[in-house]
Amino acid sequence: MAEAILAKAHVHNIVIEDVLCEVSGDLEIDEQALESLVRLLRPAVEEVVAVCIDRDRLHSEVTRQIKVLSVISPLAGAAFGLFASNLAAGL
């Protein structure tokens, strides 16, 4: 039951925006860049939330997503790492 709920969970943009701005405060004044990075992070965030019931799978998915995102944007990789850390702490 919990797996089905988490698989359909939606992470609000404000959560993604918050970790991005925590990593880079300059994004607070650059809405266009912030929106682009939110779109970049959204699939990774939703994938990790969907697998967070399985700790082993969560760790491997987080590692994979950080590697992929860091190649595209080091800032996105860092923000995703912060999101994943916050998620794991809340489990």
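The values are calculated or read from the model by the stated rules, or taken from the named source; none is laboratory data. Since we're looking at a predicted model, the values are computed, not measured. We place every Cβ from the backbone using ideal geometry, glycine too, and count neighbours over all the protein chains shown. Protein only, heavy atoms only, side chains kept; ligands, DNA and RNA dropped before computing areas. Shrake-Rupley method; radii C 1.70, N 1.55, O 1.52, S 1.80 Å.
Would you point out which residue out of Val38, Val23, Val68 is closer than 21 Å to Ala89 by Cβ and out of contact with any strand residue (DSSP E or B) (no Cβ under 7 Å at 6 or more places or on another chain)?
Being closer than 21 Å to Ala89 by Cβ and out of contact with any strand residue (DSSP E or B) (no Cβ under 7 Å at 6 or more places or on another chain) holds for just one of Val38, Val23, Val68, which is Val23.
Is there any pair linking a residue in segment 60-81 that is among the acidic types (Asp, Glu) to one that is assigned to a helix (DSSP H, G or I), with Cβ under 6 Å and at least six apart or on different chains, and which?
Here the result reads Glu61/Val48; Glu61/Val51, each pair linking segment 60-81 to a residue that is assigned to a helix (DSSP H, G or I).
Quick one: would you say Ser24 is under 14 Å from the mean Cα position of the chain (by Cα) and of a type outside the set (Lys, Arg)? Full working, then the answer.
Numbers: under 14 Å from the mean Cα position of the chain (by Cα): no; of a type outside the set (Lys, Arg): yes.
In short, no.
State the number of residues belonging to segment 7-39 that are hydrophobic (A, V, I, L, M, F, W, C), open to solvent by 50 Å² or more (accessible area, probe 1.4 Å) and free of Cβ contacts under 8 Å to residues at least 60 places away in the same chain.
Residues flagged as hydrophobic (A, V, I, L, M, F, W, C), open to solvent by 50 Å² or more (accessible area, probe 1.4 Å) and free of Cβ contacts under 8 Å to residues at least 60 places away in the same chain within segment 7-39 amount to 4.
Looking at segment 41-70, which of its residues are in contact with a Leu (Cβ under 9 Å, 6 or more places away or on another chain), open to solvent by 50 Å² or more (accessible area, probe 1.4 Å) and in a helix (DSSP H, G or I)?
Within segment 41-70, Arg55 is the sole residue that qualifies.
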